[in-house]
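Quick notes on the structure that follows.
The values are calculated or read from the model by the stated rules, or taken from the named source; none is laboratory data. Computed from a predicted model, the values in this text were never measured in an experiment. Here the Cβ positions follow ideal geometry from the backbone for every residue, glycine too, while neighbour counts run over all protein chains shown. Keep in mind that these areas ignore ligands, DNA and RNA; they rest on the heavy atoms of the full protein, side chains included. Shrake-Rupley method; radii C 1.70, N 1.55, O 1.52, S 1.80 Å.
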Amino acid sequence: MAGLDKRVNTYEEALAGLTDGMTVLAGGFGLCGIPENLIAEIRRRRVKGLTVVSNNCGIDGFGLGVLLEKRQIRKMIASYVGENALFERQLLDGELEVELTPQGTLAEKLRAGGAGIPAFYTATGYGTPVAEGKEVREFRGRRYILEEAISGDFAIVKGWKADHFGNVVYRHTAQNFNPVVATAGRITVVEVEEIVEPGELEPSQIHTPGIYVDRVILGHFEKRIEQRTVRA
């Protein structure tokens, strides 16, 4: 994008440059705060061989799950299989390469990738299969494993509001993984519910500064509920 105005008008333009074999980072937690229209555009483009990094992989027929249906994902890096039966089946059948990562470690790997930190030590996972093949060091009498940072070719993010400059505000729990994902993409694309004029967002309320964002698009969202619970 040239200049400070990050707005684009179509989803095709929003994901221009996405090709086979790329690494895509996706915000969201379950179905909360997922960039559902950007995911749909990835499906429409029929790119394949993707490595996708996200907390989980949506559900059957919605969210990242739609990319599994078309066998567009080669490798999934996640912390949770979730409610997606197709994800589980492809994993058990050996059709999908899966790297399960502790949730906090996954968040920190993305944060480190966005901050330019190549790797870090954590005690999480030591003594478990998570630590297999990884460097181990001892600090102050406790053993830690070395985890490498994660960055991607594209980061797709769901925000609540943004201005023309790409400054983004998230709403409540829809914030989840979105802020760290936004920092770790070579090209970061944010879809939002509302685009406001520059100066309308209170600076102290901005979660993701526009310096991290390359494209912003106004979207309309289904916001499907994964597990609906009501009182008897």
request  = Quick one: in region 67-90, of everything that is open to solvent by 60 Å² or more (accessible area, probe 1.4 Å) and not in a loop (DSSP other than H, G, I, E, B), which residue is farthest from residue 185 (Cα to Cα)?
outcome  = 89
key: Hits in region 5-53 - residues which are open to solvent by 30 Å² or more (accessible area, probe 1.4 Å) and in contact with a His (Cβ under 7 Å, 6 or more places away or on another chain)   = 5, 7
message = Here is a list: 38, 18. Which entry is within 16 Å of residue 182 (Cα to Cα), touching a residue at least 60 places away in the same chain (Cβ under 8 Å) and aliphatic (A, V, I, L, M)?
response = 38
query = Out of the residues in region 200-232 that are modelled with pLDDT under 95 and of a type in the set (D, E, K, R), which is most open to solvent (accessible area, probe 1.4 Å)?
reply = 231
query = If you scan region 91-113, which residues turn out to be part of a helix (DSSP H, G or I), out of contact with any Pro (no Cβ under 9 Å at 6 or more places or on another chain) and modelled with pLDDT of 95 or more?
reply = 103, 104, 105, 106, 107, 108, 109, 110, 113
query = Name the pairs: first residue in region 75-88 and on the phi > 0 side of the Ramachandran plot, second residue open to solvent by less than 20 Å² (accessible area, probe 1.4 Å), Cβ to Cβ under 7 Å, at least 6 apart or on different chains?
reply = 82/30; 82/56; 82/57
note = Taking region 147-188 and keeping only residues that are part of a helix (DSSP H, G or I) and over 20 Å from residue 40 (Cα atoms), one is left with 172, 173, 179, 180, 183
request  = For residues that are more than 25 Å from the chain's Cα centre (by Cα) and of a type in the set (Gly, Ala, Ser), scanning just region 118-148, find the one that is farthest from residue 54 (Cα to Cα).
outcome  = 141
ask   = What is the residue count in region 151-173 for residues that are open to solvent by less than 20 Å² (accessible area, probe 1.4 Å) and farther than 15 Å from residue 210 by Cβ?
value = 4
query = Can you spot a residue in region 98-117 that is surrounded by fewer than 17 Cβ atoms within 10 Å (Cβ to Cβ), of a type in the set (Gly, Ala, Ser), farther than 30 Å from residue 7 by Cβ and over 22 Å from the mean Cα position of the chain (by Cα)?
reply = no
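Can you find, within region 131-150, the residue that is surrounded by the most Cβ atoms within 10 Å (Cβ to Cβ) among those that are under 30 Å from residue 38 (Cβ atoms) and free of Cβ contacts under 8 Å to residues at least 60 places away in the same chain?
Result: 147.
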